[in-house]
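Participant: Can you read through this structure? Questions will come right after.
The values are calculated or read from the model by the stated rules, or taken from the named source; none is laboratory data. For clarity, every value in this text was computed on a predicted model and none was experimentally measured. Here the Cβ positions follow ideal geometry from the backbone for every residue, glycine too, while neighbour counts run over all protein chains shown. When the accessible area is computed, the model is the full protein with side chains, heavy atoms only, and any ligands, DNA or RNA have been set aside. Shrake-Rupley method; radii C 1.70, N 1.55, O 1.52, S 1.80 Å.
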Amino acid sequence: METENRNYYIIAAVVLVLIGGIVFARNRSVKERERAEAPEHTTISASTSPDLGLVIPEDIPYRRPSVKPLQSAPQQTKEGDPIVYLTADGFKPFITKVKIGRSAEFINASGKAMQIVINDDQGSQYPEFNQTTPVGKGEKFTFGFIRKGVWGYHNGTSPVDKGIIIVEEAQ
């Protein structure tokens, strides 16, 4: 009887060790996958906008949103202007460059309303950039940029969704 109980304890211990090893291995692989997919740190280089007095100093770190690029969606209009998508994960791409005199097209690919609003600290400098009426999924907002600078914006209906437009001199 004592030998039989001992065998049960040994079998139970072996099963517990196996289960623990499986759980440990699974958690480790999930953590490694999350670490591999983690957003990278990057730096915005110095840029000035003489007409606005806006300066972005060297080495301002920001964290890229941890979203994958849209695989099948076009990145430019037929005219070559950039397209920015609002997705469930935020604006893609996070930073968009456009030349003075060109437009950027903002397409709502999310399930929430989209209203492009310039960040409050710059609102008085470029109020025309503010979209007056929100649009729903599948709808778009197009804006033609006539002022050089670096413009932070967000979704007025969901302020956690943010992006940056860099308007450069036409060449």
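Participant: What's the magnitude of the charge dipole for segment 85-131 around its Cα centre, counting Lys and Arg as +1 and Asp and Glu as -1 at the beta-carbon? Answer in Debye, nearest 20.
Facilitator: Here the size comes out at about 240 debye.
Participant: Please give the peptides 100-112, 5-17, 129-141 ranked by average Cβ packing (other Cβ atoms within 10 Å per residue), highest first, as a rough proxy for protection.
Facilitator: 100-112, 129-141, 5-17
Participant: Moving to a separate point now. Starting from the 7 Å offset along Cα-to-Cβ, what nm value, one decimal, do you get for the label separation of Ala170 and Ile22?
Facilitator: 6.5
Participant: Can you compute log10 of I(q)/I(0) for segment 96-171 with the Debye formula, treating each Cα as one identical point scatterer, at q = 0.12, 0.17, 0.23, 0.26 Å⁻¹?
Facilitator: -0.30, -0.61, -1.07, -1.30
Participant: To continue, here is another question. Short version: ³J(HN,Hα) in whole Hz for each residue of segment 12-17, in order, from phi by Karplus 6.51 cos²θ - 1.76 cosθ + 1.60 (θ = phi - 60°), x for Gly and Pro, what are they?
Facilitator: Karplus-based 3J(HN,Hα) across segment 12-17 equals 4, 5, 5, 4, 4, 5 Hz.
Participant: Evaluate the relative contact order of segment 71-171 (contact order divided by residue number), counting alpha-carbon pairs under 8 angstrom at least 6 apart; express in whole percent.
Facilitator: Value for segment 71-171: 31 percent.
Participant: In nm, give the distance between the simple-model label positions of Val15 and Asp120, each being 7 Å from the Cα along the Cα-to-Cβ direction.
Facilitator: Each label point is offset 7 Å from its Cα along the Cβ direction, giving 6.0 nm.
Participant: If you rank Val167, Val117 by how much accessible surface each has, with a 1.4 Å probe, what is the order from largest down?
Facilitator: Working: Val167 5, Val117 30 Å².
Ranking Val167, Val117 by accessible area, largest first, yields Val117, Val167.
Participant: If I compute solvent accessible area with a 1.4 Å probe over the protein chains, what percent of it on segment 85-127 is carbon and sulfur?
Facilitator: That share works out to 49 percent.
Participant: Test of understanding: what is the full-extension gain from Gln76 to Thr3, defined as 0.36 nm times their sequence separation minus their Cα-Cα distance?
Facilitator: 18.8 nm is the gain from fully extending Gln76 to Thr3.
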